[in-house]
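S.K.: Please see the structure below; I have some questions.
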Amino acid sequence: MRPEILIVDDQKGVRRLLEELFKKDDWIVHTASDGFEAIAKIEEITPHIILMDMKMPNMNGLEASQKILENHPHLTIVMMTAYGEMDVIKKALDAGVRRCITKPFDIMKLRQVVLELVTA
Ligand SMILES: [Mg+2]
């Protein structure tokens, strides 16, 4: 079975970069550009992992993660935060986010983290 990922980021360039990375590894890739879209997608699909940007317009990644985990506590979410956002990171982990990665990230390291979480 091919692994499935949902990439949530308001920046098109970041979505594209991550989409290409995971498609090369034969993942089924879904994308969303803000928290509202991510929540709507989760009603249709059940990805093995969600990569969630923190800073997005309309609904940020923390709020979206909290909402998603309320209804789907088994979902694995990795949040991409800015450097030094300790307060946000704590809230995210308290809500059940599995891992926080600081932007800008090394994509090979991100890929490694995702593989570890999905195969764990
Ligand atoms: Mg952003």
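Taken together, the values in this text are just the output of simple stated rules run on the coordinates, not laboratory data. From a predicted model like this one, the values you see are computed outputs, not experimental measurements. A quick note on method: Cβ atoms are made from the backbone with ideal geometry, for glycine too, and the neighbour counts reach across all protein chains shown.
S.K.: For segment 86-120, give me each residue that is of a type in the set (S, T, N, Q) and closer than 25 Å to Arg2 by Cβ.
M.R.: The answer is Gln112, Thr119.
S.K.: For the list (1) part of a helix (DSSP H, G or I); (2) free of Cβ contacts under 8 Å to residues at least 24 places away in the same chain, I need the number of the one condition that Gly84 fails.
M.R.: It fails just one condition, (1).
S.K.: Please specify each residue of segment 31-60 satisfying the condition of being without any contact (Cβ under 8 Å) to a residue 60 or more places away in the chain, surrounded by fewer than 21 Cβ atoms within 10 Å (Cβ to Cβ) and of a type outside the set (A, V, I, L, M, F, W, C).
M.R.: Scanning segment 31-60 gives Thr31, Ser33, Asp34, Glu37, Lys41, Glu43, Glu44, Thr46, Lys55, Pro57, Asn58, Asn60.
S.K.: While we're on this one: Scan segment 4-24 for residues that are in a helix (DSSP H, G or I) and within 15 Å of the ligand (Cβ to nearest atom) and jot them down. Working first, answer last.
M.R.: As a first pass, look at segment 4-24 and keep what is in a helix (DSSP H, G or I): 12-24.
Correct list: Lys12, Gly13, Val14, Arg15, Arg16, Leu17, Leu18.
S.K.: What number goes with the only condition from (1) more than 16 Å from the ligand (Cβ to nearest atom); (2) farther than 21 Å from Ile89 by Cα; (3) surrounded by 15 or more Cβ atoms within 10 Å (Cβ to Cβ); (4) not β-branched (Val, Ile, Thr) that Gln66 does not pass?
M.R.: (2)
S.K.: Being assigned to a loop (DSSP other than H, G, I, E, B) and within 12 Å of the ligand (Cβ to nearest atom) is the filter here; which residues of segment 25-58 pass it?
M.R.: Matches in segment 25-58: Ser33, Asp34, Met54, Lys55, Met56, Pro57, Asn58.
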